[in-house]
Structure formats: structure tokens, C-alpha cells
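A short write-up of the structure that comes next.
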Amino acid sequence: MGESALFNEMYAADGTVRPHYEIFANWLANTPPEKIAQNRHAADLLFHRVGITFAVYGEATGTERLIPFDIVPHIIPAVQWDRVSEGLTQRVRALNAFLHDVYHGRDILKAGKIPEQAILGNSQYRPEMVGIDVPGGIYAHIAGIDLVKDGTGEYFVLEDNLRTPSGVSYLLENRKMMMRLFPELFGMQRVRPVDHYPDLLLETLRNVAPAGTDMPTIVLMTPGQFNSAYFEHAFLAQQMGIELVEGADLFVADDTVFMRTTQGPQRVDVIYRRIDDDFIDPEAFRGDSMLGVPGLMRAYRAGRVALANAVGTGVADDKSTYPYVPEMIRFYLGEEPILKNVHTWMLGNPADLEYVLAHMEELVIKEAQGSGGYGMLIGPASTKEERARYRQRVLDAPEKFIAQPTLALSACPTFTDRGMAPRHIDLRPYVLSGKEVKLVSGGLTRVALREGSLVVNSSQGGGVKDTWIID
Amino acid sequence: MLSRTASTLYWMSRNVERAENTARILDVAYRMSLLTNDPNLQDQEWFAPLNITGTLFPFSGRHSIVNAREVLHFMAFDPDNPSSIYSCAQAARENARAVRGTITSEMWEVINATWLEMQNMDEDRMYARGVSAFFEWVKERSHLFRGVTFGTIRRDDAFSFHRLGTYVERADNTARIVDAKYHVLLPSVADVGGAVDYYQWSAVLRSVSAFEAYRKVYRDSITPLRIAELLILRDDIPRSLHFCLRDVYNILCKVQNRNSGEATRQAGEIYASLQFGTMDNIFAIGLHEYLTAFLESTQRLAGEINQSFFAPSLPTA
């Protein structure tokens, strides 16, 4: 990936507006700045009123913040998107095939395509899942795949999120907000709709119900209202018309899951859980979990309840498994990967370690199991002391780290305190796998609001934008 | 409906109702205190809100004198007083957040916006805007919430448990207001007469928005016996005990489950006593004794509701 050239989503290298941004650019030029300023302010008020906030870990309990919303959309031409969409479908099919394989025949390990130790020794590998047949053989029903663009405008997969990916509520609310603030923009061009996502999700969840349940009772399980994504949990439950439950609302009897209702116990068939494997069942995993349901794994193993996503998906989205995804696509589907991976050095590999330690100031080094942008070293932005400290951490346990080139993330014009300026963005589409693989057009665009910053995570000052696929 | 959701909805509406009632009680105390120029008599008025809400004890633990400023702080803004308007607005918002998927977006927006505004409110701003204007605001937010609820929510269990909370809280409140003034409502003191009594009586009516209703129903001068009748036995006054318990009973019939027979029976018993009771009987028992017994029986009923609907049911073997 090129490091020098920065890809600007709206302007070509010669400064002209790219064709798919023309209508928006004209509209922007002809709309009084006061109206824009007024609507940006209105957006803030509306988000606050509607309570679209997220909790920030490490701050006082109950602290809620808005995710800054930027009104300049991330626009992608349909032709390009359709190819990306094919690539995503292909990738998620392969990841699901891989998950089924590692918990059954382990053909891919036997074929020597992935070192056995990398999978079976991974802390995210769940021996409890071996031999369990999940409905339809689907493990990652909801996948969030993070994409970035390099200097030439080609998409790369930065990360797969197959556990409990969040953010889809912002995708939906951002669109609602744009349509509320600037309805005229949607009359000028055809922007593909996204608001049927909850319907697709509900259909996906219905598809994976245990056999023999015609009208499955589906619930969304949340760790509770102090979780950072609680707003999203409540929002999705409401949009789908299903109960939002906490662990204490459920219990297991006769290997069957019930919820406690005002009319007595009611059987539950499918649980869309937004709580990590470690916490779902204190009998099977962490015994100190107050959030889970004792006996849930028993019911799951007995095939009496479906979990989405399945237990044990973390072994496939781990950063140390990521480099093997292209190989999975070739192995299971017999196809060439449509979407490329970012080159990744595995520091458990001595040659990679040597190279990375010699080029620390050029690379991004991450913990293989970290998330949320925490605990990574961005070489070019680091000081000598930071690099020295990080070097020591790496040397203590090199296999826990990976490194990638510093990505020249593409940039999109964004409103800042000092007018419009380019800011780095990424894109997270959400891929649903039930009877078939489905996704809504586009995804959640996250933007790094600080100048030059590459960290788009909302917990670290990132914002969001609406994403438009235009025909 | 999930037991936890039902319980949270019930408490959400109790908190909203309590905030409104507290604003009503404080507003009346404030208006009464303006009727006299004597600072000692003014301060006397501020015992009433503490007596009505049963908070004199926690109040005196932290305040040495009873006057407007201290009581208003304690009952309107004190975050450490769980019954203050501030605390109720906060608790209602926390409840609403926990059942956000069940209530309508409009209900959530009203309750969230109220809490956001409440956080920007303090005593200085209240005095600057006018004390009564603040109470008007609290009442308006409660009215708005009620209106939005009626206008948007599906008539399902969520609505039932929401209304159940409102009526249980309101019955408790009306009984306390009447009880706190029982001495001025006793027929034996009717002969005392005089302007102060008239204001006391009309204040009781105004605190439950029943002054105009009184005029319409009786088309006559205000007498303590009729006030008591209006607020206890009339079935067409939305804050009367009869009205509240009829709804409590009807809701319990609607949401009944295998364990709720006793709750329905208790509600029916109280409802029947209000439906077929007479003022002569009540005064024969003694107004204060009657209301004390009423408060006890509704508290028992609230405990029974909790047991049969909200307490997590045990796994069935």
C-alpha cells in the first residue's frame, strides 16, 4: 500500500471534484453557510434529545457522550460498492466455513494451510464447541468487516469482527438524521436505502432457530444499561420488536432457556447476545460473571437454543488468524479473494520480529487480541521513548503482537473548528448470514476528527458520517 | 412481558407521578406562605410538605430550621433526598433508559429532555425565574409525558404496568395530602371558620387540581366534609382515592397471572369499600384513622403486586 499518496474521497489529485461527489459539491456550494451551521447544531441537539449516546469506560459511571456526527457523507459509487459487497460475502462465507471446520474435522489444519498451534493454542479457541452442530452451520451471523482504502483507492480488509460487532445503530441513525436535516439531497440522486437492516437481522435470527420451532421467541441479550453499546441494544430490540433481556431475566431448566415474565416462564429459542463468550454462562466460562445465565451452554449443546453469534467465533477474527483468511477463501471456496488483506507481520515469527523491530517508526504494532484502538503503537507518530517501551513489551511476548504498514487511510472532507478539512475515515459494513448472506448497502463510516489522526474509534475521539451508495 | 421490564415501567411512572405531586405540594405551601407577612407563620407553612411526604425525620437530620429555602432545597433539588423532584427526574430517566426498547421514542424523548433540562436547573435559577414557574414547569413536563404516553403507546401490558404505577403512587399521595390537613377538615372545627380555613381548604383542593371540580360538583361554598367526600369517594375526580383504586383493580384484573389472585382480591376489597362507603361511616371511624388504615392497606397491596409480578419467579422444575 502506498504511503505517500493520500486518497481524498471527494477530490481527485488535480483538485477536481470526483464525479460521484458532484451533486453534493454543487449543493454545498449553493447552500448558505448559515443553514449548514444551523443544521449541524440541530443535529447535536437532536442526538442529545434522542439520547444517542455511548458510555466511555474509564470515566465516571454513567458518563454519556455523543459521537460527533459530521454532515459530509462518505459517498461510494454503486459499481465499486457492488464489487466490495461480493468480496465481503465471499470472505464471510469462508470465515463461517472455517469456524465449522475448526470445531469439526479440522481439514484446513490437516492440509497444513494454517499451523495447528496458531488455532488450537489460541485463547479464543473454545474446546467446548468441538462437535456441536449449530443450526445451518453458521457461526458468525453478524459480522462487521473493517475496510480501508489505500492511495490508489483500492479497498483492503483491516479487521474482521465476528464476536459482537457494534455500531450499526449509528449507521441507521446517521441516515435518519441526514434525511431529516437535508431532505433535498435525497431528491437529487438515488441513495440506496439502509433502514431495512432490522428486518434483515430479524430474518437472519429466525433462520437459525432450533429445528421444530415455527414461531421462535427471539431475544436480544445485553450486559445492561451501563454497557457502552446499551443504546444500540435497546434500539435494535425495539426496531425488531423483540425483548431486550439481561442475564437475570433468563434461567435454564431441563436444558431449556426461559425468560421470567409477568405471566410466568416463557421459552426462548434464539438469543442475539451482545455479551462476550467469557460472560454468558458462569457454569461453563467465567464463574464470577454476574451477567450470564447459569446452564446456558448446556441448553446450547443440547440444541435447545440458538446463540447469535455462536460461541467461539473469536478464533476466526483474532489478529493472529487474520493473515490466513485469504488462504481460507481459496481452501473452502476455491476462489481468489476479491478483497485483499493488509500485509501483516506476525511477531511470533523470528524473521518478522527482526524486520519489525528494525522498522518500528514506520509501522503500526498491535496486540493480536486488543480492540477499540487501545494498546497500539503508531510508529510515525511515536516518540523514541514510546518505541523503547513498546519494544520491551513486544520482546516479553512477541507472539502476542502483529505489525502492519502505516496505512494511508483515505480522507474525506469533514467540518472542523476551522472549516472543512480532510480527515481519515474507514468503513464497517455489516454482513448477515442466515439461510443466505445479506447486507445493506454501505456501512458505518468512522472518521478520525483530530488532524492527522488515524484512530477512528469512538472511544478515542472518532466521529461518524452517513455512507451513501449512489447508482 | 419481562418481570424486570414491568417493574421498571411501574417505577418509572411512580417516579414521574411523585415528582409532579411534590411540585404540587410545594407550590401550595409556597402560595400559603405568601398569605401572611409574619415570618414565623410563613415558616409554619413549610412543615406541611415534610409531614405530607413523611420526610420530616430525614429532613431534620440534616437541617436545623424549617423555612422556605431549606425545605425547597431538600424537596426540589437535593440529590441526596431520594424523593426530591431532582432525584425523581433522575430515577425516572434511568428507568426509562432501562426499558427504552419498550416505551415509545416519544415517551423517551420527553423523559430524557426533562432530565437534561433539570440538570441545568438550580435554586438560583428557580428563584430568578419565579418559584411557581418552576413548579409549573415540573407539572407541565408530567402532563406532557402523560399526554405523549396516551397518544403513542400500544394498549398492552407496558401501558397497564405504567398506569398501575401512576395510580398506586397517586392514591398514596392524595391520602397523605388529605390526612395532613385532617385537623382542618374535621367537622368539629368547622365552627372556627374564618379566612385562613378557607384558604387551607382551597389549598388542599388546588394541590390536587380539584378546586374547579369542587365548584362544578357542589355549586356551593367550600366545606370540609365535601372536600373529603370529593377526594375520597367521588368516582369522577382523577385524583380521588375511589378513582385511583378502581383503575388499580381493573388493571390487576387485566394483567392477572397464576400468582396475582391475592393482589386482585386486596385491590377489590379496598375498591369496594370506596365504592360503597359513606362519609358518615368515615367520620364515625375518624378521618385520620380511616386514612391511616387506607395507607396501610395500599402499602400491603403494593407489596403484593411486587411479589406476584416483579419478584423473579423461581425456575420451575
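In the stretch A:343-405, the portion of solvent-accessible area held by carbon and sulfur atoms comes to 53 percent [1.4 Å probe, whole percent, DNA, RNA and ligands not counted].
Here the translational diffusion coefficient of chain B follows from Stokes-Einstein with Rh set to the Kirkwood radius across Cα pairs; for 10 °C and 1.306 mPa s it amounts to 78 µm²/s.
Check the straight Cα-Cα distances from A:Lys110 and name the aspartates and glutamates below 15 Å, setting aside those fewer than 8 residues away within the same chain. Reachable aspartates and glutamates: A:Asp101, A:Glu327. On the beta carbon distance between B:Thr278 and A:Ala211, with R0 = 56 Å, the FRET formula returns roughly 0.30.
Order A:329-335, A:27-33, B:1-7, B:20-26 from most to least packed using the mean count of other Cβ atoms within 10 Å.
The packing order, highest mean first, is B:20-26, B:1-7, A:329-335, A:27-33.
Heavy atoms of chains A and B lose about 2600 Å² of accessible surface on contact, summed over both sides with a 1.4 Å probe. Could you work out the local net charge near A:Thr261, counting Lys and Arg as +1, Asp and Glu as -1, over the other residues with Cβ closer than 13 Å to its Cβ? Local charge sum for A:Thr261: 0.
With a ≥ b ≥ c the root eigenvalues of the C-alpha gyration tensor of the stretch B:154-293, is it rounded (a/c under 1.5), prolate (a/b larger than b/c) or oblate? Note, shape of the stretch B:154-293 comes out prolate.
For the segment A:258-269, counting C-beta atoms of other chains within 10 Å of every residue's C-beta and taking the mean gives 6. Kirkwood radius and radius of gyration were both taken over the C-alpha atoms of chain A, and their ratio Rg/Rh is 0.96.
Taking each residue of B:95-103 in turn, how many C-beta atoms of other protein chains fall within 10 Å of its C-beta, and what is the average?
Mean partner-chain Cβ count within 10 Å for B:95-103: 6.
Note on chain B: helix-only mean residue ellipticity at 222 nm, from DSSP H runs of 4+ residues weighted -39500 (n - 2.57) and normalised by residue number, equals -23000 deg cm²/dmol. On a straight-distance basis, which lysines could pair with A:Lys176 in a cross-link, Cα separation under 24 angstrom, same-chain partners fewer than 8 positions away excluded? Within reach: A:Lys35, A:Lys438, A:Lys465.
To the nearest whole number, what is the average tally of beta carbon atoms from other chains within 10 Å of the beta carbons of peptide B:113-122?
Average per residue, whole number: 1.
Here, the stretch B:11-75 yields an orientationally averaged convex hull projection of 4.4 nm² when only Cα atoms define the hull. Give the Debye-formula value of log10 I(q)/I(0) at each listed q (0.08, 0.09, 0.10, 0.11 Å⁻¹), with one equal scatterer per alpha carbon of the protein assembly as shown, two decimals each. These q points yield log10 I(q)/I(0) values of -0.79, -0.94, -1.07, -1.20. Accessible surface calculations at 1.4 Å, restricted to protein heavy atoms, place the protein assembly as shown at 41 Å² per residue. Taking the empirical scaling 2.2 N^0.38 Å for compact globular proteins as reference, the stretch B:39-89 has a Cα radius of gyration ratio of 1.05. Note on the stretch A:343-405: Cα-Cα pairs beyond 20 Å make up 12% of the total pair count.
The values are calculated or read from the model by the stated rules, or taken from the named source; none is laboratory data. What you are looking at is a predicted structure, and each value in this text was computed from that prediction instead of being measured. Neighbour counts are summed over all protein chains in view; Cβ atoms, including those assigned to glycine, are modelled from backbone coordinates with ideal geometry. For accessibility, only protein heavy atoms count, side chains too; no ligands or nucleic acids. Shrake-Rupley method; radii C 1.70, N 1.55, O 1.52, S 1.80 Å.
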